[in-house]
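Input: a single structure, listed below in structure tokens.
Just so you know, all these numbers are worked out from the coordinates, no wet-lab data involved. Treat the numbers as computed from the prediction; the structure is a model and nothing was measured. As a convention, Cβ positions derive from the backbone with ideal geometry for all residues, glycine included, and neighbour counts pool all protein chains shown.
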């Protein structure tokens, strides 16, 4: 039986619902089986050998397994890759905020064991969206992209420390000089990693095409294109524009209840923070240099929106624009994105 037919069979009649709480060293696992009350619990090492033991144990629990775990970086990614490659197992990689809210709704105390049980309950109760394994090129690009983002955060913190030291009468000159050297070192590392990311992109025809489409959009240059592509290229091609927005956490969260609660809407922040951060600067630049984005921004401010609210709406529109050009292969056209707006100079 092919792996595809096994997947189809699992989606129809899964018998084991699993949750895994992932840490650096261990995997805390809870499983519910159809027709059997309670949970079975085990711990495995978060290593290649532990992953093999986990797969064997899960496949003994029934004819198929659905596994939910939080997307918490490389530790969970290695587990997901191992599980996804085993026939008879489906994997869902959950946004940590969504998993946290679901666990809180169960009203249980928080331990590794109860977190695993909550994830098992999620596998059993909620709509299960199976995670799709990205290609090796996409995995490498995302890892490099997030490493660059981490280095940029370190650089920003270093600039703030240098600014504080230079403004202090107590900081000796040697401290400021050392901080400047550290910043120059970070700048070289960031530049080197960006070159590596672009080289990875140039080696893959599909990534190269999308990269060139991205840099054709006003406000997106090479730096932002690397960060955005590393987060967007691996998304399920069946996702809609609305799902992209929800994945980014830019979807509006309304806070209205009866006559006593009527608070301003805000973005949910339940999605991919790396993608949100990657959209912020292109949205800011787009408002300054693209007449359509600027007209949209000014219209929202004229309707009483705060500057940051209007900018987040621009970022959401920018994500819609990227979705459109990826899907259709056509270049960016502000007139199509904002058909009702008159561009401003």
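So what's the angle, to the nearest 10 degrees on a 0 to 90 scale, between helix 3-12 and the longest Cα principal axis of the chain? That works out to roughly 80 degrees. Estimated purely from DSSP H runs of n ≥ 4, each contributing -39500 (n - 2.57), the mean residue ellipticity at 222 nm for the chain is -19000 deg cm²/dmol once divided by its residues.
Taking every DSSP beta bridge that has both residues in segment 13-125, what percent is antiparallel when rounded to the nearest 5? Percentage antiparallel, nearest 5: 55.
Cα-Cα pairs above 29 Å in the chain: how many percent?
Cα-Cα pairs in the chain separated by more than 29 Å: 52 percent.
According to the square roots a ≥ b ≥ c of the eigenvalues of the Cα gyration tensor, what is the shape class of segment 107-146, taking rounded for a/c under 1.5, prolate for a/b larger than b/c otherwise, and oblate for the remainder? Here segment 107-146 falls in the oblate category. Relative contact order of the chain: 12 percent, from C-alpha pairs under 8 Å at least 6 residues apart in sequence.
Each residue, residue 330 and residue 188, gets one label point 7 Å from its Cα in the Cβ direction; the gap between the two is 4.8 nm. When you restrict to C-alpha pairs under 8 Å that are six or more residues apart and normalise by the size of segment 27-95, the relative contact order lands at 26 percent. Of the beta bridges in the chain, as assigned by DSSP with both residues counted there, near 65 percent are antiparallel.
Helix 96-105 and the longest principal axis of the Cα set of the chain meet at an angle near 50°.
Once you divide the Cα radius of gyration of segment 53-196 by 2.2 N^0.38 Å, the number left is 1.51. Using C-alpha pairs below 8 Å separated by at least 6 residues, the relative contact order for segment 136-203 is 52 percent.
Name the shape class, rounded, prolate or oblate, that the alpha-carbon gyration tensor gives for segment 33-100, where a ≥ b ≥ c are the square roots of its eigenvalues, rounded holds for a/c under 1.5, and otherwise prolate holds if a/b is larger than b/c and oblate otherwise. Since a/c reaches 1.5 but b/c is at least a/b, the shape of segment 33-100 is classed as oblate. Were the residues from residue 139 through residue 181 laid out at 0.36 nm apart, the gain over their Cα-Cα distance would be 11.9 nm.
Overall, the anisotropy analysis places segment 232-337 in the oblate class: the square-rooted eigenvalues a ≥ b ≥ c of its C-alpha gyration tensor yield a/c not less than 1.5, with a/b not exceeding b/c.
In a Gaussian network model over the chain where Cα atoms closer than 10 Å are linked, find which of 324, 87, 158 has the largest mean-square fluctuation. Maximum fluctuation in the GNM of the chain, among the listed residues, is at 158.
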